[in-house]
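Single-structure report; data block below.
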Amino acid sequence: MSRSLALFAIGLVFGAGAGFVTAGAYGISFDGHDHGDPAHHGGDHYEVAAHQHGTAVNLPAGPDAPGLEVQLFKDPMAGWNLHVEPSNFRFAPANASATDYPGEGHAHVYVNGVKLARLYGEWMHIAELPKGQVEVKVSLTTNSHGALTVEGRPVEAEVSVEIE
């Protein structure tokens with residue numbers, strides 16, 4: 001009897017863990033907010049990709065305003081390497097989802113309008129891109145995930161590549 005109970009408990013732990021991993025992989029949070037479901041954002045898939053959690057932080061234009069450049073390189077072994085070069089901006093991974101400070105935060109990376117990942121530094125390896133014309137866009141965000149804007153325009157950059 002105790003062996004059956006122990007096996008049941010082990011199965012329960014592993015089953016629950018698998019459920020959390022599966023839900024996380026599909027963007028489902030446990031507050032009922034599904035990042036992968038356009039109905040939770042009132043629009044189509046493009047609008048889901050543009051969804052932000054924090055409030056936008058608008059900064060004035062000028063020499064101290066944040067800027068961004070991106071480059072995409074074919075990796076010699078496999079996939080692609082994305083190089084993100086911000087100016088007047090500091091990646092602050094320790095402050096992600098915390099209080100906003102001017103000129104710091106993280107980036108969001110999108111492939112063809114679909115959010116791929118958060119970025120906390122200047123380089124990212126992308127294992128695979130879809131075939132055809134592909135747009136990789138990077139946008140700078142505040143610590144609280146709000147858009148970082150200058151004079152009302154998002155600080156973002158994109159690069160397009162044809163994948164055969």
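Answer with yes or no whether Tyr110 is assigned by TED's automatic domain parsing to the domain that holds Gly54, aromatic (Phe, Trp, Tyr), surrounded by 12 or more Cβ atoms within 10 Å (Cβ to Cβ) and closer than 15 Å to Leu59 by Cα. Answer is no for this residue.
Filter region 70-103 for residues that are touching a Phe, Trp or Tyr at 6+ places or on another chain (Cβ under 9 Å), farther than 14 Å from Tyr120 by Cβ and aromatic (Phe, Trp, Tyr) and give the result. Phe73, Trp80 - these are the residues of region 70-103 that are touching a Phe, Trp or Tyr at 6+ places or on another chain (Cβ under 9 Å), farther than 14 Å from Tyr120 by Cβ and aromatic (Phe, Trp, Tyr).
Applying the criterion of being under 19 Å from Gly54 (Cβ atoms) and among the hydroxyl-bearing types (Ser, Thr, Tyr) to the residues of region 80-106, the residue that is modelled with the lowest pLDDT is Tyr101.
A single entry from Lys131, Lys115, Lys137 fulfils the requirement of being exposed (fewer than 12 other Cβ atoms within 10 Å of the Cβ) and at negative phi: Lys131. Only one of the numbered conditions (1) assigned to a strand (DSSP E or B); (2) surrounded by 12 or more Cβ atoms within 10 Å (Cβ to Cβ) is not met by Asp100, and that is (1).
The values are calculated or read from the model by the stated rules, or taken from the named source; none is laboratory data. Values in this document were obtained by computation on a predicted structure and should not be read as measured data. Here the Cβ is made from the backbone with ideal geometry for all residues, glycine too, and neighbour counts use every protein chain on show.
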